[in-house]
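Some notes on the structure that comes next.
The numbers here are math on the coordinates, done by the rules we state, and not lab data. Here the structure is a predicted model, which is why all the values come from computation and not from measurement. When we count neighbours, we look across all protein chains shown, and the Cβ atoms used for this are built from the backbone with ideal geometry, even at glycine.
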Amino acid sequence: MAIKITKLLHAGVRVGPGDENVKKALDFYGGLLGLQPDEYRPYVPGIPGHWMNIKDGDRSLQIHLFGAEGVSPMGRSEKEDPTRHHVAYAVEDLAEAERELKARGIYSWIYDSLVGNASKQVFFEDPFGNMIELQQQGKAHDGPAGDGMRS
């Protein structure tokens with residue numbers, strides 16, 4: 001059975017480590033492309049960056065900019081690193097999606113509470129090595145962070 005994707009949430013983009021690269025990315029994505037920084041981006045230890053709203057004030061579709069290279073401080077390995085380039089989707093039933101991945105023999109890995117106390121993200125790769133992230137619909141980052149984890 002197909003996983004029931006309900007919407008596109010974000011694309012994750014690496015911009016290089018350090019404050020200079022993060023500022024350069026903010027200038028490019030904000031200044032040139034007109035995207036707005038999300039003031040509610042949670043603090044992620046060791047990973048500077050910005051969540052950029054496509055529409056001002058609308059957190060439902062974003063670009064996530066990660067200041068990282070190599071294995072980030074939150075990465076478990078080169079493969080299992082949430083800062084790798086990726087596309088994230090909300091799904092109707094995350095537990096069902098996990099079962100479907102397992103049934104098809106697709107390796108996946110989970111991050112709990114990475115971007116908030118109640119967050120759960122399931123990551124896996126397509127057959128070409130592109131990383132995909134799934135989040136439960138309604139628990140995705142579409143409102144202010146409720147746990148005080150702002151950067």
Excluding same-chain pairs closer than 8 in sequence, count the lysine pairs in the chain whose Cα atoms lie under 27 Å apart. 22
Test of understanding: in a Gaussian network model of the chain with alpha carbons linked when under 10 Å, which of Gly67, Gly129, Gly75 would top the mean-square fluctuation ranking? Gly129
Would you mind pulling out the separation of the Cα centroids of segment 60-125 and segment 10-28, in Å? 19 Å
Expected vector for segment 43-57, Karplus 3J(HN,Hα) from phi with 6.51, -1.76, 1.60 and θ = phi - 60°, integer Hz, x for Gly and Pro, equals 6, 10, x, x, 10, x, x, 9, 9, 10, 6, 5, 10, 4, x
Amide H neighbours of Gly12 under 5 Å, counting only residues 5+ apart in sequence or on other chains, H built in-plane at 1.01 Å? His64, His86, Val87, Ala88
Would you work out if segment 5-136 is rounded, prolate or oblate? Take a ≥ b ≥ c from the square roots of the eigenvalues of the alpha-carbon gyration tensor; rounded if a/c is under 1.5, else prolate when a/b is larger than b/c, oblate otherwise. prolate
Each residue of segment 26-41 in turn: what ³J(HN,Hα) in whole Hz from Karplus with 6.51, -1.76, 1.60 and θ = phi - 60°, glycine and Pro shown as x? 4, 4, 5, 6, x, x, 7, 8, x, 6, 9, x, 7, 5, 9, 4
Please order Ser60, Ser113, Ser72 by the number of other Cβ within 10 Å, starting at the fewest. Ser113, Ser60, Ser72
Fewest-first ordering of Val22, Val13 by Cβ atoms within 10 Å yields Val13, Val22
Under a plain spin-label model, where a point goes 7 Å from the Cα along Cα-to-Cβ, how far apart in nm are Lys102 and Leu32? 4.5 nm
